[in-house]
Amino acid sequence: MITSKSGLGVRQQCEVLMIHRSRIYYVKACNDDSIIANEISEVYREFPIYGYRRIREILRCKGIAVNGKRVLRVMREMGLRAIYPAPKTTVRDTSNAIYPYVLRGLTITHPHHVWQVDITYLRTHSGFIYLTALIDRYTRMIVSWGLSNTLDADNCVRVLDSGIHQYGRPKIINSDQGRQFTGDAWIRSLTHHHIQISMSGQGRSNDNAHIERLWRTLKYEYLYLRNPRTVAEYKQLLPRFVQWYNCERPHQALGYNTPYQMLTKTKTTTTNDSLSLVS
């Protein structure tokens, strides 16, 4: 819905919704289901991930006043439903050891104190690919990431090795209880690097909330607006996203600093403290 409370101007809101500005100033009631069905079909072909609420807002922006219940009814009659996440990225292997969650009550005091790792799916025209990412809890920085067409642990270990090569090893890494993170390859790698293992409780998504928020930002603020459909397109877009997320996008939880600014501020403070001790 176009609104003055969104923080964006009318032109910017129209760009996000991909409609022309001239279409938002005249809203009329529509009593013809066939017209609504045609408009819904047009939106759905372009954005099959949109549910009835989002489609309702786009129709209103196009000048068609219609309530959500009606949009939902027409979509059901047309056999349309939003394409929601299909693959399950967290599959437990009950034969593997589960480690305790050690972050509860822990004060995270500096960069690379705690990293979090997770996997999300990305839809292509031929199926799914999987993105593994490591973030630093203190700065929210994406320290490493990698794409794979499978959910095996090898890609997770490669992402870990890349992050350690660039930033050094963290003290703790937290993951969910997916088999990629309870299996021998991942556990052996963390043990080799003397990294403390932490695992979120089963069904406790809040334990990994920071990286879940990253996935929401990636998809809703970036990918869904660009609609990639091939592996090549993802490989082109993801480095740009990481640069934008780390160095350009201000984070409310960081006092509207970027992760990179948090990292450099911490380095400057540490250096100044060291100089004070020396003098």
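Computed from the coordinates by the stated procedures, all read-outs in this text should not be read as laboratory data. Just so it is clear, the model here is predicted, and its values are computed rather than measured. Every residue, glycine as well, gets a Cβ built from its backbone with ideal geometry; the counts of neighbours run over all protein chains shown.
In the neighborhood of V157, defined by Cβ-to-Cβ distances under 11 Å, what is the net charge if each Lys or Arg adds +1 and each Asp or Glu adds -1?
Overall, the nearby charge balance is -2.
Across the range 33-48, in residue order, what do the Karplus-derived ³J(HN,Hα) couplings come to in whole Hz, using 6.51 cos²θ - 1.76 cosθ + 1.60 with θ = phi - 60° and x for Gly and Pro?
5, 5, 5, 4, 4, 5, 5, 4, 4, 5, 5, 5, 4, 7, 9, x
Which percent, to the nearest 5, of DSSP beta bridges fully inside the range 114-272 are antiparallel?
In the range 114-272, DSSP labels about 70 percent of beta bridges as antiparallel.
So which chymotrypsin sites (Phe, Trp or Tyr not before Pro) in the range 153-221 pass both tests, a DSSP loop state and at most 11 other Cβ atoms within 10 Å of the Cβ?
Passing both the DSSP loop test and the Cβ count: no residue.
What residues qualify as long-range amide H neighbours of N257, i.e. H under 5 Å apart, gap of 5 or more or another chain, H built at 1.01 Å from N?
H251
Would you please name the trypsin sites (Lys or Arg not before Pro) within the range 90-185 that are DSSP coil residues with at most 15 other C-beta atoms within 10 Å of their C-beta?
Here the trypsin sites (Lys or Arg not before Pro) that fit, given the DSSP loop and packing criteria, are R92, R104, K171.
What is the calculated FRET efficiency for H192 to T109, with r their C-beta to C-beta distance and R₀ = 25 Å, to the nearest 0.05?
In this case the efficiency is close to 0.50.
Figure the gain on full extension for R229 and A209 (residue separation times 0.36 nm, minus the Cα-Cα span) and round it to one decimal in nm.
Net length gain for the segment: 4.5 nm.
With each pseudo-label sitting 7 Å past Cα toward Cβ, what's the V102-A65 distance in nm, one decimal?
6.1 nm
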